[in-house]
Every structure is written in structure tokens, then in C-alpha cells.
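What follows is one structure encoded as C-alpha cells, with my remarks underneath.
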Amino acid sequence: MFFDTHAHLDDEQFTEDRVDVISRLREAGVELVINVGCNMQSSLKSVEITKEYDFIYGAVGIHPHDASDLNEESLGQLRELAREPRIVAVGEIGLDYYYDYSPRELQKKCFREMIGMAKELKLPIIIHDRDAHEDTLKIVKEEKANEVGGVFHCYSGSWEMAKEVMKLGFYMAIGGAVTFKNAKKVVEVAQEIPLDHLLIETDCPYLAPVPYRGKRNEPAYVSKVAERIAEIKGISIEEVAKATLENGKRLFGLTNHLEVRD
Ligand code: NI
């Protein structure tokens, strides 16, 4: 039983066959999925998807790429969406200094606003941090985001940084990159990280794990991530699946989620 804690099933790459993709994830033993919004439009779609499937929960937020989406009106609208009963987190939010699609000052402002909203609504956050480790940690600390907690998604920092992340009480989610042949840092993190701070994810349709690398990713492939982590840690895939499922349920407040099998 797997928990894919980061999927973008609302993405247009799934327009043609979304229903099939979702039925495949159930067949592959994925028990729960968090569908994550990136801007106003995808946050809205995220809410819609969660209403259709009882095993898909959602997050709403503004990604650093879309920081220019932030204004009084969108913030009000987002707050409404975040109050929907099946929305369990604010995300994805953070900083991206790799692409720099939005000016950094605006990214930081947006990130702080989103943390503020999460604290107001008492929801955990899903953090996107690409080549912005220092500023991300700084803002997380300054805004006291540890009060709501959350996850560093697609964790790409060092093991040194991971220790700091854990001290703040955050989880780290590992995705398809851990299966890549040239992966080094994330393999070290996977090896060292205690199971109680670990989550798994796909970030589909991006970052498909080996042997699907380069193809469209989907939640059913999350088992490949768990398999590789198990191999690195020298434990069983069941142990990885069980721990990450429990961690995810704890973080997103789904411990009372009743499993409904078809
Ligand atoms: Ni994502």
C-alpha cells in the first residue's frame, strides 16, 4: 500500500486518459494520493478531482513560477479553496532559483504569504525548493512554519541540510530522481534518513523513475521509488511502504481515512 504524496493529475498531459491513470494507480496498490496545485487554475482543478475520488486529497497554493498570480483577489479565492474539506495542505509553495521564472523578491513575498495562510488555516505546507536551500530555510524559520509543519517535496538538499529540516519537524519526500543512475546526493539522503521522516512521491507527470525515465510519470510508478529506497536501505519494500504511508497520513491528518477498496 503506497501513498503518492505529490501528484499533478490535473495536468493537461492527463486530459486524454485521466480515468485510466487513476484506475491503474489503484491496481498498483496506491492507497492515497495528494494532488498538488501550482496556481489558481490548477488549485481549482485539484479541488474538483478530490471530489471525484475518495482516495485523492488535495493541496492548493501558488508555486514560485506563478508568483505573479498573487494579489488580493487570488489570495481570497485561494483561502476559500483551502477551506474545502478534502484540501489537506497548502502547496506547492517555495522558491525556485534554478529557473527563476519569477523575480526572487516576488517569490519570497509569495512564499511568506502562503505560509501565513497555512498557519491561519492550520494546514501543513508542501515546499518546492530548487537551488534555494538557504533562503527557503531562512523563510521557514522566520515565518515559524514549523507550527504547521510540512514536507520538502522532491528533496534535493544534502544530508547536512536534512538534519536541519528534521530538527524543524519537517518531512522529506523522495521521488523518481533516487532511481536515476547518476543520483548521488539523494541516494545518500535516502540511506541516512530515518524512516519516520520520509515520504515518497511521483511529482507526475514529471520525473518518471527508472525504467520509465523520460516518459510521462503517473502515481502507479511510485512503487519504483519505494523499491529503490528499500534497496538502498537494505530493508523490504513493505517496510518503506508502511512507514511512508503512516507518515503521510499523520502529516496530512488522514489517520481516520477509511480505506475503501473497489
Ligand atoms: Ni510538483
Which is farthest toward the positive dipole end of the chain among Val225, Leu78, Leu207, measuring Cα position about the Cα centre, with Cβ charges +1 (Lys, Arg) and -1 (Asp, Glu)? Val225
Charge dipole magnitude, Cβ of K and R +1, D and E -1 - the chain, Cα centre, debye nearest 20: 560 debye
Could you give the dipole magnitude of region 107-146 about its Cα centre, charging the beta-carbon of Lys and Arg +1 and that of Asp and Glu -1, in debye to the nearest 20? 140 debye
Working from the alpha-carbon coordinates of the chain, get Rg over Rh, Rh being the Kirkwood radius. 0.93
Which lysines does Lys109 reach when only Cα atoms under 25 Å apart count, and residues fewer than 8 places away in its own chain are ignored? Lys45, Lys119, Lys122, Lys138, Lys141, Lys144, Lys167
For region 2-251: relative contact order, % (alpha-carbon pairs under 8 angstrom, 6 or more apart): 19 percent
Restricting to DSSP H runs of at least four residues, report the calculated mean residue ellipticity at 222 nm for the chain, -39500 (n - 2.57) per run over all residues, nearest 500 deg cm²/dmol. -12500 deg cm²/dmol
Over region 2-251, what percent of the accessible surface lies on carbon and sulfur atoms, probe 1.4 Å? 47 percent
Expressed as a whole-number percentage, the relative contact order of region 117-262 with C-alpha contacts under 8 angstrom and at least six residues apart is 18 percent
Arrange the peptides 102-111, 156-165 so that the one whose residues have, on average, the most other Cβ atoms within 10 Å appears first. 102-111, 156-165
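The values are calculated or read from the model by the stated rules, or taken from the named source; none is laboratory data. From a predicted model like this one, the values you see are computed outputs, not experimental measurements. Cβ sites come from the backbone with ideal geometry, for glycine too, and all protein chains shown count toward neighbours. Heavy atoms of the whole protein, side chains included, go into the accessibility calculation; ligands, DNA and RNA do not. Shrake-Rupley method; radii C 1.70, N 1.55, O 1.52, S 1.80 Å.
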